[in-house]
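Right, one structure below, let's go through it.
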Amino acid sequence: GDVRILLPLVVSVEEVRQAKFLLREAASELTRRAVPFRADVPLGVMIETPAAAMSADSFIGEVQFFSIGTNDLVQYTLAVDRGNASLVTRFTPLHPAVLRLIARTVVVGHGGGLEVDVCGEMASQPLMAYALLGLGIRTLSVAAPGIPVLKRIVRGVSAAGSAVAARAALAADTPREAEQILRQALGEELGEDLLGGLLGLA
């Protein structure tokens, strides 16, 4: 079937190679036992640490896809514990540092012929989904309640418009500036009334 293996919290290509060694051992055992199995299961890495994002090029040739784990990437990039209520205001996915790590991952992944997708809560928020589309992400994962809002964003914006907005957000100095840039651009594409309604639903 359509099965994939995704390695979480990877920080070094050595970990990928160790995992591939274990997978080969498992395949050899199945072969010895005459158990049929799929030999070409795609292998990917979860890009959810700054180390993985900055060394994404080292994974090219070792894996078939990247999945950006936005929840942990934000947490580890900004040194914020998501479970600490007193730090919740610092958990800002639109921080330019986070956007730049995502952008780098997309550029490296696509440049190496890899599929790059996103999982986590980031895509369930209209401004963040808009930014991700502008950064070149085309596969987004959200919880079921977030699907209608995401579908409205995807269907209502242009790839070119989101790309321009994302580039401007990447150059912002602060999360607030990035948010203002994306809100203005998304409002121009969707209309302020519709955007206000979507922001209220998210």
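The values are calculated or read from the model by the stated rules, or taken from the named source; none is laboratory data. Nothing here was measured: the structure is a model prediction, and the numbers come from that model. Glycine also receives a Cβ, built like all others from the backbone with ideal geometry; neighbour counts cover every protein chain displayed. All accessible areas refer to the heavy atoms of the entire protein, side chains included, with ligands and DNA or RNA removed. Shrake-Rupley method; radii C 1.70, N 1.55, O 1.52, S 1.80 Å.
A compact table of results
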read-out: Within the range 132-144, tally of residues that are in contact with a helix residue (DSSP H, G or I) (Cβ under 7 Å, 6 or more places away or on another chain) and open to solvent by 50 Å² or more (accessible area, probe 1.4 Å); value: 2
read-out: Any chance ALA129 is within 18 Å of SER67 (Cα to Cα), modelled with pLDDT under 90, open to solvent by less than 20 Å² (accessible area, probe 1.4 Å) and part of a helix (DSSP H, G or I); value: no
read-out: Among (1) hydrophobic (A, V, I, L, M, F, W, C); (2) in contact with a helix residue (DSSP H, G or I) (Cβ under 8 Å, 6 or more places away or on another chain); (3) over 24 Å from ASP57 (Cβ atoms); (4) in a helix (DSSP H, G or I) - the single one ILE147 does not satisfy; value: (2)
read-out: Matching residues, the range 26-48, being hydrophobic (A, V, I, L, M, F, W, C) and open to solvent by less than 60 Å² (accessible area, probe 1.4 Å); value: ALA26, ALA27, LEU30, VAL35, VAL41, LEU43, VAL45, MET46, ILE47
read-out: Test set (1) in contact (Cβ under 8 Å) with a residue 60 or more places away in the chain; (2) more than 12 Å from the chain's Cα centre (by Cα) - ARG100 fails condition number; value: (2)
read-out: Residues (open to solvent by less than 100 Å² (accessible area, probe 1.4 Å) and among the hydrophobic types (A, V, I, L, M, F, W, C)) located in the range 173-202; value: ALA178, ILE181, LEU182, ALA185, LEU186, LEU190, LEU194, LEU195, LEU198, LEU199, ALA202
read-out: Residues of the range 10-42 satisfying the condition of being outside any helix (DSSP H, G or I) and aromatic (Phe, Trp, Tyr); value: PHE37
